[in-house]
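Read the structure below first, then the notes.
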């Protein structure tokens, strides 16, 4: 079954070409990216003492504007027969990595499903994807952003963090507020005052661990 899935992904790679987005339908776009390697024995480092010399990381991403102000995103990942060496052991098999529905207008940006978020410089909260490093720690839950006006912006989120194709048992709760002070005082310079709060329930007997910070 895994070989059939991997063959299908290779066919998709040929049709799409590696990392080339194509316009399939009017409101639907897809992209496919693949990193593959066949490992050989080396006289200096020694023989390749792992199973499956051929390894491959594959990413199929589909995005669609399903209605006015509504967006849909789906990402399927495959690490068959195994992920490339030095990648996390949590990256294995084939599965749905990202699925989200987003509603956005001039004031509101609401996402249900997988999302990436960063508060301030990222010291208190940062979730992102870097395929070259094998990092995808998105949060699955609810992410809501409300822009009160040109000066004040509020973000709130709740969900579980991703690890491979699984998710943490504990949940993350976060609130971030940004105030553009330069707009209030009509100053030509840029000065943004922000306040962030992040709480994490680790789902253990030790209770709840909270972190908070204030940023400028």
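The values are calculated or read from the model by the stated rules, or taken from the named source; none is laboratory data. It should be emphasised that the depicted structure is a prediction, and the values quoted were computed from it without experimental measurement. Methodologically, a virtual Cβ is constructed for each residue, glycine included, from the backbone with ideal geometry; neighbour enumeration extends over all protein chains shown.
Quick notes on this one:
- Restricting the first member to the range 100-121 and to residues that are without any contact (Cβ under 8 Å) to a residue 24 or more places away in the chain, and the second to residues that are surrounded by 15 or more Cβ atoms within 10 Å (Cβ to Cβ) and not in a loop (DSSP other than H, G, I, E, B), the beta-carbon pairs closer than 8 Å and six or more apart or on different chains are 116/129; 116/139; 118/125.
- Residues that are crowded, with 18+ Cβ neighbours inside 10 Å and either assigned to a strand (DSSP E or B) or modelled with pLDDT of 95 or more (or both) within the range 116-126 comprise 117, 119, 125, listed in sequence order.
- Residue in the range 93-100 that is touching a helix residue (DSSP H, G or I) at 6+ places or on another chain (Cβ under 6 Å) and buried (at least 16 other Cβ atoms within 10 Å of the Cβ) present: yes
- Single unsatisfied condition, residue 132 versus (1) surrounded by fewer than 15 Cβ atoms within 10 Å (Cβ to Cβ); (2) in a strand (DSSP E or B): (2)
- Matching residues, the range 139-150, being surrounded by 15 or more Cβ atoms within 10 Å (Cβ to Cβ) and either within 11 Å of residue 107 (Cβ to Cβ) or more than 15 Å from the chain's Cα centre (by Cα) (or both): 144, 145, 147
- Put simply, of 90, 65 the only residue that is in contact with a strand residue (DSSP E or B) (Cβ under 6 Å, 6 or more places away or on another chain) and touching a residue at least 40 places away in the same chain (Cβ under 8 Å) is 90.
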